[in-house]
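Participant: This structure is in structure tokens; I'll ask about it shortly.
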Amino acid sequence: MKTLLQLNTSLNADGGQSSLLAKSYISAWQAANPGSTVKSRNLATNDAVPHLTAERFQAFLTKPEDRTVEQKAVTDYSDALIDELKNADAIAIGLPMYNFGIPSQLKAYFDHIARAGITFQYSATGPVGLVTNKKVYVFATRGGFYAGTPADTQTQYVRDFLKFIGVTDVEFVYAEGLAYGPESAEANLGKANAAIGLLTTPEKLAA
């Protein structure tokens, strides 16, 4: 039985355009994988991950046997997020652009799953990711047009971070120009949904 982890980061929760695009893909994925499980996290709302602090980071660095009760609670929380990620066969990320970057809630999530010796390790030739055999779909929504330009700070960052922890199979679907009026939004959401249609062919979903 397959498992998909859905990470919504829109301030509008399940009603955000990025969340709706992710939902469209997930519906097709579930239909192609009867009996599958979808685990959803709304990182901007009820499943918000605390932002990293010096105290939380120190908990990650402290040896397990030396951790205080508070530090153990922090690492247990991080471990649960990592277990959830490692147990997923596929991950769908709803990714709106806020002020030219990724939502801070997603950054907080990344900060809690980047753990030396657990999701990556250093070798003589550099870092090695330990989270493997995953497929990630990113549904990126923007008010303007940024894909393929230097102003797109999201795409390469997300790819680099996921590669750092071992995930290299990453596919982006973009819906841009959503703030350029109803016609632009409708047209570009249509293009995004068409792209999702290509990702949800039986051949693609079976891969």
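Participant: Do you know which residues across the stretch 120-163 are in contact (Cβ under 8 Å) with a residue 40 or more places away in the chain, touching a Gly at 6+ places or on another chain (Cβ under 7 Å) and under 17 Å from Ala90 (Cα atoms)?
Facilitator: The answer is Val131, Phe139.
Participant: Name every residue in the stretch 84-95 that is in a loop (DSSP other than H, G, I, E, B) and either surrounded by 15 or more Cβ atoms within 10 Å (Cβ to Cβ) or at positive phi (or both), in order of residue number.
Facilitator: Selection gives Ala88, Asp89.
Participant: From the list Gln30, Gln6, Gln58, Gln17, which residue is more than 24 Å from Glu171 (Cβ to Cβ) and either buried (at least 20 other Cβ atoms within 10 Å of the Cβ) or polar (S, T, N, Q) (or both)?
Facilitator: Criteria check complete, one pass: Gln58.
Participant: When both residues are 6+ apart or on different chains and their Cβ atoms are under 7 Å apart, which pairs have a first residue that lies in the stretch 172-190 and is without any contact (Cβ under 8 Å) to a residue 40 or more places away in the chain, and a second that is crowded, with 20+ Cβ neighbours inside 10 Å and not in a loop (DSSP other than H, G, I, E, B)?
Facilitator: From residues that are without any contact (Cβ under 8 Å) to a residue 40 or more places away in the chain, the pairs are Phe172/Val138; Phe172/Ala140; Tyr174/Ala140; Tyr174/Ala192; Glu176/Asn188; Gly177/Asn188; Asn188/Ala175.
Participant: Another question, then. Does the stretch 51-68 contain any residue that is under 23 Å from Glu203 (Cα atoms), assigned to a loop (DSSP other than H, G, I, E, B), of a type outside the set (Ser, Thr, Tyr) and touching a residue at least 40 places away in the same chain (Cβ under 8 Å)?
Facilitator: no
Participant: While we're looking at this one, here's another question. Output the residues belonging to the stretch 19-43 that are part of a loop (DSSP other than H, G, I, E, B), more than 18 Å from the chain's Cα centre (by Cα) and in contact (Cβ under 8 Å) with a residue 60 or more places away in the chain.
Facilitator: Selection gives Asn33 alone.
Participant: Being of a type in the set (S, T, N, Q), in a loop (DSSP other than H, G, I, E, B) and surrounded by 16 or more Cβ atoms within 10 Å (Cβ to Cβ) is the filter here, so list the residues in the stretch 96-135 that pass it.
Facilitator: Matches in the stretch 96-135: Thr119 only.
We did not get these values from a lab; they are worked out from the coordinates using the rules stated. A quick note: this is a predicted structure, and the numbers were derived from the prediction, not measured. Every residue, glycine among them, receives a Cβ derived from its backbone with ideal geometry; neighbour counts consider all protein chains shown.
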